[in-house]
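The values are calculated or read from the model by the stated rules, or taken from the named source; none is laboratory data. Keep in mind that this is a model prediction, so the values were computed, not measured. Backbone-built Cβ (ideal geometry, glycine too); neighbour counts: all protein chains shown. SASA here: full protein model, heavy atoms, side chains in, ligands and nucleic acids out. Shrake-Rupley method; radii C 1.70, N 1.55, O 1.52, S 1.80 Å.
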Amino acid sequence: MQSEKDFLGLKGVPLAVVEEILNRAADMKRAYSAGEKRAACAGKTVVTLFYENSTRTRTSFELAAKALSANTVNIAVATSSVSKGESLIDNGKTLDALRADAVAIRHPAAGAPRLLARNMAAAVINAGDGMNEHPTQALLDMFTIREKFGAFKGLKVLIAGDVKHSRVARSNIYGLKAAGADVTVCAPATLMLAGIERFGVRVAKTLQEGAAGADVLMALRLQLERQKSGMFPSIQEYTRFYNINTEIAGLARPGAIVMHPGPLNRGLEISSSIADSDSSVITRQVSNGVAVRMALLERLLGD
Ligand code: CP
């Protein structure tokens, strides 16, 4: 269990806490959409510290902090003292000395946010750590699902693609299972997480089987940068069996939604005909990221 100072993952977080954040996010979305600025984090400083690339997460943390009247600082890791060999812990101590109140960190190593959290006074938020968790992505995904369906209990959610390397999949499984959703995963054997059954999910042998009757089709990005070669025969082969296209979406329930955390590999794990269709909520997921991160920052830094 993590402390209330930080937000490091969805594993073990009580459902009531998740629901509180989602409920606050609904209010934040109304305020943000209306262009209202809130004062919840006035005088506070939020730092984004990203050791991996990002468009959506980093930008939405910054927009969320600004919408709550916080000061924001983005550390470009490549041009910071990290490139001179400064350790993560020393980086944290430096940010504490500069009076940062919260640090949203993305790091290629699983556990890096936890290490930072143990060694600094500021609140630490996990913005994605290696193949471990991406909890704010899962919160925004849950928020988007709840907007569409109102509740999670009994909803059939298919998470398909590169499950093995996906921190998005792990965090969504923790959150959605705790909320009562019926989660199925589908991946080539080489891209499936070993011991996936212990997460309480069903494993579909084919995308067709997993998509049949689903309410939510969540495609995962094929993370070629984290893979050693030989995890599937060819890109063409992968696409043939694991691409969410019109035919696959047609097997889901009427009114089903298609999700993707982004960035998209169009034509690989998802077809443009589906990514750009009326059933796609991909751009809504991005917009909802601001509201959810506002709710989280208010929770961690607000009075
Ligand atoms: N979904 C997600 O984490 O996107 P970014 O890498 O652009 O932040």
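Residue-by-condition table, conditions (1) within 13 Å of the ligand (Cβ to nearest atom); (2) under 23 Å from Ser60 (Cβ atoms); (3) small (Gly, Ala, Ser):
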| site | (1), (2), (3) |
| --- | --- |
| Leu139 | yes, yes, no |
| Met142 | no, yes, no |
| Lys148 | no, yes, no |
| Leu158 | no, no, no |
| Ser171 | yes, yes, yes |
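Of all the residues that make up the range 21-62, how many are open to solvent by 70 Å² or more (accessible area, probe 1.4 Å) and within 13 Å of the ligand (Cβ to nearest atom)?
3
Residue check, Ser273 against (1) in a helix (DSSP H, G or I); (2) open to solvent by less than 40 Å² (accessible area, probe 1.4 Å), all met but one. Which one?
Only one criterion in (1) in a helix (DSSP H, G or I); (2) open to solvent by less than 40 Å² (accessible area, probe 1.4 Å) is unmet by Ser273, namely (2).
From the list Ala97, Ala117, Ala109, Ala138, pick out the single residue that is small (Gly, Ala, Ser) and under 14 Å from Tyr51 (Cβ atoms).
The conditions single out Ala109.
Only one of Asp141, Asp162, Asp90 is surrounded by fewer than 22 Cβ atoms within 10 Å (Cβ to Cβ) and either of a type outside the set (Ser, Thr, Tyr) or at negative phi (or both). Can you tell me which?
Residue meeting the stated conditions: Asp90.
Taking the residues in the range 63-73 that are closer than 17 Å to Met28 by Cα and more than 16 Å from the ligand (Cβ to nearest atom) as candidates, determine which candidate is most open to solvent (accessible area, probe 1.4 Å).
This residue is Lys66.
Name the single residue, out of those in the range 113-132 being open to solvent by 10 Å² or more (accessible area, probe 1.4 Å) and within 14 Å of the ligand (Cβ to nearest atom), that is modelled with the lowest pLDDT.
Top of the filtered list is Met131.
When you check Arg299 against the structure, is it in contact (Cβ under 8 Å) with a residue 24 or more places away in the chain, closer than 22 Å to Val183 by Cα and assigned to a helix (DSSP H, G or I), yes or no?
The answer is no for Arg299.
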